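*Asks:* Sharing a structure, written as structure tokens. Questions coming.
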Ligand SMILES: [Zn+2]
């Protein structure tokens, strides 16, 4: 309750900020006495100050900033850094399995889960979340309006994919073409031709998507598809890219096998999701095409076999075992031939379990790589990736995300200590679901600001 009361108090002062914004001068906040991680550098900018005006960063300086009317926050020598970017979440999918969500879950269940996930993400330090399938614009609208608490959201609308593929949520006995729960809610759509890719892709943008999600490979927790699947013809994937380009945006493709990844990149896909069979040839093609990859590193953990969505379904467990064996070269390949990689958790499940998975995914990023690589992955690279949604469809086009620089959005964290040296201050856990319940908010993150509004402040 302590945090909820705090949140209430902070939101009340945010209301005053909004009132001030209606007048001539935008409200200013001045952070003093901070060391800055800017989203890219290997060292902190020490003894600096940052001035926020309205919802943007106005000045970053190691000299004195004069701002007579600003609210001053003494950072007490803490690290000031960009809010985190989650590049692949499913805010609406509460699990416990895809068949249960198809058969028994109503729009109310999905909505309530989405509200709780949004709040959890923000309080874990994520000021931006790209939803990789399932969410339309409703959650984003509620967050932007201040009706609920959450991060900036980049929705993908319905997953689109072939019959029997990774976007096929229909019951096992459901005839071809039958209406589904997930289809009626525009959370997943089956597409089996260029025309259907075009129709449902355009419908996603109509429903508020900022980019499209195409299901190319299969999966581990899904019912009908081997993870090695190569779903979608070259023409169908190119059709998805064509529709996205009509809107000035891009396609993210769920791709595991090398053949799938190469096909996607050559068709113009800009964001490879999972990309478990990543190698140096893929890295070179990604660089040529200006593409990004996001990978849930928990896939490389033996604990994968223990998560409820996997071990409750025998076929999923068998698939998880073969996938783990096939993906062993990802980490060494990424170290040898680094590509632009953003952070992803890909949690489908309850809010408590997803909070644990986020903490563990943070930990793995620093453990498999190093703190600086993990921080860049979680901030500036994620910011670049979401901006591929372009001038027309980017819901937040007025500044950069994931960086501390003049003109960027004022999405800011204060953390106790230096995360380049001690990454645990980012709220990590070295255990997955067998770890303890995570706190409501990261305790070493005393201040969370999004869009110039403070959502948490335990400094005093
Ligand atoms: Zn996913």
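*Asks:* When you go through 403, 442 one by one, which is the residue that is at negative phi, out of contact with any strand residue (DSSP E or B) (no Cβ under 7 Å at 6 or more places or on another chain) and modelled with pLDDT of 95 or more?
*Replies:* Within the list 403, 442, the selection yields 442.
*Asks:* Another question, then. Out of the stretch 147-168, which residues are farther than 24 Å from residue 241 by Cβ and either touching a strand residue (DSSP E or B) at 6+ places or on another chain (Cβ under 7 Å) or free of Cβ contacts under 8 Å to residues at least 24 places away in the same chain (or both)?
*Replies:* Matches in the stretch 147-168: 147, 149, 151, 152.
*Asks:* Still on this structure: Any idea which of 113, 166, 88 is in contact with a helix residue (DSSP H, G or I) (Cβ under 9 Å, 6 or more places away or on another chain), within 21 Å of residue 357 (Cβ to Cβ) and within 16 Å of the ligand (Cβ to nearest atom)?
*Replies:* 113
*Asks:* Suppose we filter 391, 411, 398 for residues that are in contact (Cβ under 8 Å) with a residue 24 or more places away in the chain, surrounded by fewer than 16 Cβ atoms within 10 Å (Cβ to Cβ) and either in contact with a strand residue (DSSP E or B) (Cβ under 7 Å, 6 or more places away or on another chain) or under 17 Å from residue 450 (Cβ atoms) (or both); which single one remains?
*Replies:* Going through 391, 411, 398 in turn, just one is in contact (Cβ under 8 Å) with a residue 24 or more places away in the chain, surrounded by fewer than 16 Cβ atoms within 10 Å (Cβ to Cβ) and either in contact with a strand residue (DSSP E or B) (Cβ under 7 Å, 6 or more places away or on another chain) or under 17 Å from residue 450 (Cβ atoms) (or both): 398.
Residue-wise test of (1) buried (at least 22 other Cβ atoms within 10 Å of the Cβ); (2) closer than 24 Å to residue 198 by Cβ; (3) modelled with pLDDT of 95 or more.
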position	(1), (2), (3)
215	yes, yes, yes
219	yes, no, no
233	no, yes, no
250	yes, yes, yes
253	yes, yes, yes
289	no, yes, yes
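*Asks:* So in the stretch 246-256, with the set limited to residues that are closer than 14 Å to residue 209 by Cβ and not in a loop (DSSP other than H, G, I, E, B), which one is farthest from the ligand (Cβ to nearest atom)?
*Replies:* Step by step, filter the stretch 246-256, then rank; the result is 246.
*Asks:* Taking the stated definitions as given, is residue 77 touching a residue at least 40 places away in the same chain (Cβ under 8 Å) and exposed (fewer than 14 other Cβ atoms within 10 Å of the Cβ)?
*Replies:* Yes: the conditions hold for residue 77.
*Asks:* Follow-up question, since we're still on this one. Is it the case that the stretch 310-331 has a residue that's at pLDDT 95 or above, surrounded by 17 or more Cβ atoms within 10 Å (Cβ to Cβ) and away from the ligand (no atom under 15 Å from the Cβ)?
*Replies:* There is at least one residue in the stretch 310-331 that is at pLDDT 95 or above, surrounded by 17 or more Cβ atoms within 10 Å (Cβ to Cβ) and away from the ligand (no atom under 15 Å from the Cβ).
*Asks:* Could you pull out the residue among 67, 48 that is over 12 Å from residue 404 (Cβ atoms) and either away from the ligand (no atom under 16 Å from the Cβ) or free of Cβ contacts under 8 Å to residues at least 40 places away in the same chain (or both)?
*Replies:* Criteria check complete, one pass: 67.
The values are calculated or read from the model by the stated rules, or taken from the named source; none is laboratory data. Note that the coordinates shown come from a computational prediction; the quantities given were computed from them, not determined experimentally. Here the Cβ is made from the backbone with ideal geometry for all residues, glycine too, and neighbour counts use every protein chain on show.
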